[in-house]
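*Asks:* Pasting a structure here, questions to come.
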Amino acid sequence: ILLKPPMLGHLFDFKDENPGVLFEINPKYKKAIDNPLGKKIIGLHFRGGDFKAWNEKASLKFEYYHAAIKCLSQMYDREQIKFVLFTDDTNFETYLETVQYIQKEKFDYVAEKNPMMVDFYQMTQCDVIVSSPSTYAIMATIMGKQDKLLFHNKAWVDYCVEKKEPFWMDVAEGNVPYYENDKGVHVYRVDNYMINP
């Protein structure tokens, strides 16, 4: 697949092909997530860095991740889940607040700093992704392991719908072909403590 900017919108056209089966990665990047007990792996993606300069709204706040974690801890027994945190910016305030919260609540988690492609591979293998608005997280969601559960931030989606951005309008309307249930991805959007299935 050759991707050219802009990376979102109708340029993602996989026709009838499940994009998950198109994904191959160099074996040197295939570092598995340590999970000897076979827990549900929940990937949390944080995009700080240039996103803060690009659009402050795109740098999602702690409340979004907190709401998603609370929802997931109600969906699954806490002994059955493991959080894996992915970020390009380990000084990003939201990331630090989330690590602090996960530690305080004594959830099983890992927050390693791996090379970008190792992180990407590991995200493709998660059971659940709490996504940032980053194409990196979106592509990791639709590729690799199928039957993922995906969370998007509703406030961000609503903001993009207001700006009439095609990809996010499709997300809001449930019209993203590779998010359909028969493609294996089930979408939930989270905003503060409200969940809209």
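*Asks:* Dipole size in debye (nearest 20) for the stretch 17-156 around its Cα centre, Lys and Arg Cβ +1, Asp and Glu Cβ -1?
*Replies:* Working: 18 positive and 18 negative charges, 29 e Å.
Charge dipole of the stretch 17-156: 140 debye, to the nearest 20.
*Asks:* Based on the Cα coordinates of the stretch 59-102, what is the per residue volume of their convex hull in Å³?
*Replies:* Numbers: hull volume 3.0 nm³, N = 44.
Per residue, the Cα convex hull of the stretch 59-102 comes to 68 Å³.
*Asks:* Here's another thing I want to ask about it. For the peptides 163-170, 65-72, what is the packing order when you average, over each peptide's residues, the other Cβ atoms within 10 Å and list the highest mean first? Each step should come with its number before you reach the end.
*Replies:* Numbers: 163-170: 15.8, 65-72: 20.6.
Going by the mean number of other Cβ atoms within 10 Å, highest first, we get 65-72, 163-170.
*Asks:* Same structure, new question: By the gyration tensor of its Cα atoms, with a ≥ b ≥ c the square roots of the eigenvalues, what is the shape of the stretch 128-179: rounded for a/c under 1.5, prolate for a/b over b/c, or oblate? Provide the component values of the computation, followed by the final result.
*Replies:* Values: a/c = 2.10, a/b = 1.71, b/c = 1.23.
It comes out prolate by the Cα gyration axes.
*Asks:* If the cut-off is 25 Å between C-alpha atoms, which lysines fall inside it for Lys52, apart from same-chain ones fewer than 8 positions away?
*Replies:* Lys4, Lys61, Lys113, Lys154, Lys163, Lys164
*Asks:* Sticking with this structure for a sec: Charges only on Cβ, +1 for Lys and Arg, -1 for Asp and Glu: so what's the dipole of the stretch 31-76 about the Cα centre, in debye to the nearest 20? Provide the component values of the computation, followed by the final result.
*Replies:* Working: 8 positive and 4 negative charges, 19 e Å.
That gives the stretch 31-76 a dipole magnitude of about 100 debye.
*Asks:* How large is the convex hull of the Cα atoms of the stretch 89-146 per residue, expressed in Å³ as a whole number?
*Replies:* On the way: hull volume 5.4 nm³, N = 58.
In the stretch 89-146, the Cα convex hull volume per residue is 93 Å³.
*Asks:* Students sometimes get this wrong: rank Met75, Met143, Met116 by accessible area, probe 1.4 Å, all chains present, largest first. Show your work: numbers first, answer last.
*Replies:* On the way: Met75 85, Met143 15, Met116 125 Å².
Reading off the accessible areas and sorting them downward yields Met116, Met75, Met143.
The values are calculated or read from the model by the stated rules, or taken from the named source; none is laboratory data. Everything numeric here is computed off the predicted structure, so don't read it as measured data. Glycine gets a Cβ as well: all are built from the backbone with ideal geometry, and neighbour counts include every protein chain shown. Heads up: the accessible areas ignore ligands, DNA and RNA and are worked out on the full protein's heavy atoms, side chains in. Shrake-Rupley method; radii C 1.70, N 1.55, O 1.52, S 1.80 Å.
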